[in-house]
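Everything below concerns the one structure shown next.
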Amino acid sequence: MFILRFLGLVLLILLTFLAFLWGGLALWYQLPLGIAATIGCLILWVTIAFAVLWLEFKGRVWRALIVLIPIMIGLGYWWGTIKPSLTRIWADDVAQTVTGTLTGNYVTLSNVRNFEWRTTTDYTPRWEVRTYTLDDLATVDIFLSYWSNPAIAHTLVSFGFNNGEHVVFSAEIRKERHEEFSEIGGFFKQFELAMIAADERDIIRLRTNVRKEDVYRYQVNLSPETRQALFLSYLDSANHLVTTAKFYNTITANCTTVIFSMARAIAPGIPLDYRIVFSGYLPGYLYDLGAIDHSKPLDQVIREASINQRAMAADSAPDFSARIRLPAN
């Protein structure tokens, strides 16, 4: 009996610590106050946390719960009042989000991004309207862009057409002008979710040539029907996000899980895997499914998928898309 009570107390202390830690981060990222006022609130929050944990440590559980429960109920209520928005002062590269219409066999996309990037802060913005024929949809490529952690990559999906055109869809954080990406902030409603469609000379070249990220391209083996279904799923998702705001989440609603949700709606048998979350390892998952080149060892497939050298050589050439697809040396 003593052991059970002791283990229960340890569990309560651990859960209390995690609850106050989560709450502290939530306050840091979401309190609509200045830095000084936010820090003051966090000092008060930490003081309360230490008091509750001390009561629990001394075995005064009921006194601790009298303080803990109302505070956590209030925190949960406040958290529920934080809603996503469609009307903020957005950063230029996510100021517009793509929408689309389907007329017969033709898809018209509005707000296709085609920026001319010189640096990350020096660019010429362009938003275009483009029309594609579904029957001409010929390829689907997944691009993975790594910037620091080998376990985490940004996932982009490019649709190629018989006339040589490509359009890339990317589920991204919709930053405000003053914001920078934060993986931790992505857990705490810091960013909305945006669907961006862009030319490869914009969104891929930005990563390879301007940001100097490591980018890999994998052609995905899909039937014509599945390619079209995936393209139309992106269209539906984009049209939904332009009218219904949704928060980005580092785990549950990010660039890879959005793709997985659409793919699973088309093919329900696709298995869930940790590599969906740790997207840097996505090539291994696709390889195991037979969705990418399976004629070579995985390590070789990954090496040959690197496009940085070819992208740097192509730079802003009109045939950028063709040149990054040249065979690896």
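Quick notes on this one:
- Backbone phi angles across segment 211-217, fed through the Karplus curve with coefficients 6.51, -1.76 and 1.60 (θ = phi - 60°), yield HN-Hα couplings of 7, 6, 7, 8, 10, 10, 10 Hz in residue order; Gly and Pro are listed as x.
- Overall, the ratio between the Cα radius of gyration of segment 91-227 and 2.2 N^0.38 Å, rounded to two decimals, is 1.08.
- Distant-in-sequence amide contacts of GLU176, defined by a placed amide H-H separation under 5 Å and a gap of 5 or more residues or a different chain, comprise ALA91.
- Simple Cβ-charge dipole of segment 109-241, Lys/Arg +1 and Asp/Glu -1, about Cα centre, in debye nearest 20: 280
- Distance from segment 234-287 to segment 35-55 (C-alpha centre basis), Å: 37
- Packing around the peptides 166-174, 249-257, taken as the average count of other Cβ atoms within 10 Å per residue, puts them in this order, highest first: 166-174, 249-257.
- Counting protein heavy atoms only, segment 77-154 has 53 percent of its accessible area on carbon and sulfur, 1.4 angstrom probe.
- Rounded percent of accessible protein surface that carbon and sulfur make up, segment 172-329, 1.4 Å probe: 54
- Value of Rg to Rh for segment 193-328, rounded to two decimals, is 0.96; Kirkwood radius and Rg both from alpha-carbon coordinates.
- Net charge dipole size for the chain [Lys, Arg +1 and Asp, Glu -1 on Cβ; Debye, nearest 20]: 1120
- Per residue accessible area of segment 239-329, 1.4 Å probe, in Å²: 53
- Burial ranking of peptide ranges 14-21, 33-40 (average Cβ count within 10 Å, highest at the top): 14-21, 33-40
- For segment 1-97: relative contact order, % (alpha-carbon pairs under 8 angstrom, 6 or more apart): 25
- Segment 225-241 - phi-based ³J(HN,Hα) in whole Hz, Karplus 6.51/-1.76/1.60, Gly and Pro as x: 5, 5, 4, 5, 5, 5, 4, 5, 5, 4, 4, 5, 4, 5, 5, 5, 5
- Where the Cα pairs of the chain fall when distances are cut into 10 Å bins, in %: 5, 22, 28, 20, 13, 9, 3, 0
- Only protein heavy atoms count here; under a 1.4 Å probe, SER182 has an accessible surface of about 30 Å².
- Highest-first arrangement of 128-138, 108-118, where packing means the average Cβ count within 10 Å: 108-118, 128-138
- Dipole of segment 3-139, positive end: most advanced residue of LEU15, LEU86, PRO125 [Cβ charges, Cα centre]: LEU15
The values are calculated or read from the model by the stated rules, or taken from the named source; none is laboratory data. Just so it is clear, the model here is predicted, and its values are computed rather than measured. Methodologically, a virtual Cβ is constructed for each residue, glycine included, from the backbone with ideal geometry; neighbour enumeration extends over all protein chains shown. The protein model used for the area step is the full one, side chains on, heavy atoms only, and it has no ligands, DNA or RNA in it. Shrake-Rupley method; radii C 1.70, N 1.55, O 1.52, S 1.80 Å.
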